[in-house]
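The values are calculated or read from the model by the stated rules, or taken from the named source; none is laboratory data. Just so we're clear, the structure is a prediction, and the values are computed from it rather than from any experiment. Heads up, the Cβs are rebuilt from the backbone with ideal geometry, glycines too, and the neighbour counts pull from every protein chain shown. With ligands, DNA and RNA removed, areas are computed over all heavy atoms of the protein, side chains included. Shrake-Rupley method; radii C 1.70, N 1.55, O 1.52, S 1.80 Å.
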Amino acid sequence: MPAPIIKDVADPALLRREFAWDLAKLRRRLSARKACASVGGVAWADELTLRAISQFGAEAEIPDPFGRTVGLAHADLVLFWHQGVLRSLGGTAAGIGWCGTSMSIEGWSLPDTLMAAVQGRPVTELISHQLLSDRLRICDIVNVQSATGPRLELSLDMPLVPIDRMGRAVGAGTDMPGIVC
């Protein structure tokens, strides 16, 4: 267990300023948890994870956020918790792979002008696949050259949706924005 950080602060205002960011983050999380519970949800999941669970036909119980149960819903889909949000790791035969809010598309390379043009746009304007929706937006995109060939690496902004214990969306219309591009 890490040792607590002890600071000698003579000015309480300085201490408040130092921890203001942490307090604001905790307040946002508490507010999000209350919003989720108000519609019968037990947690938040990102939209890509819910679409993947639906596509892969996963019926397994969602892993406990405190790690008390194993989170494999399908052989090609791994579910995990990250900062209080159910996320997933997976891939498709079409060369699309993802982990949380990061996505890669194998065999693709784009000119810089097109990469600049698609930032902030729905990922579906770049590629069409049943896992993807126009609510998933591109925050960042880069070309990567590897030993296996070109690949696009994307960072996505995706809405968070309240879910029940079985990973089903609840409370239609109570989505919460994901990260900010």
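Please sort 114-125, 96-107, 141-152 by packing, taking for each peptide the average over its residues of neighbouring beta carbons within 10 angstrom, highest first.
96-107, 114-125, 141-152
Please list 3J(HN,Hα) in residue order for the range 152-163, calculated via the Karplus relation 6.51 cos²θ - 1.76 cosθ + 1.60 where θ = phi - 60°; whole Hz, with x for glycine and proline.
Taking θ as phi minus 60°, the curve returns 9, 10, 10, 10, 10, 9, 9, x, 9, 10, x, 10 Hz for the range 152-163.
Determine, for each peptide in 30-39, 154-163, the mean count of other beta carbons within 10 angstrom over its residues, then list the peptides with the highest first.
154-163, 30-39
If DNA, RNA and ligands are ignored and the probe is 1.4 Å, what is the ranking of Phe56, Phe19 by accessible area, most exposed first?
I get Phe19, Phe56, largest accessible area first.
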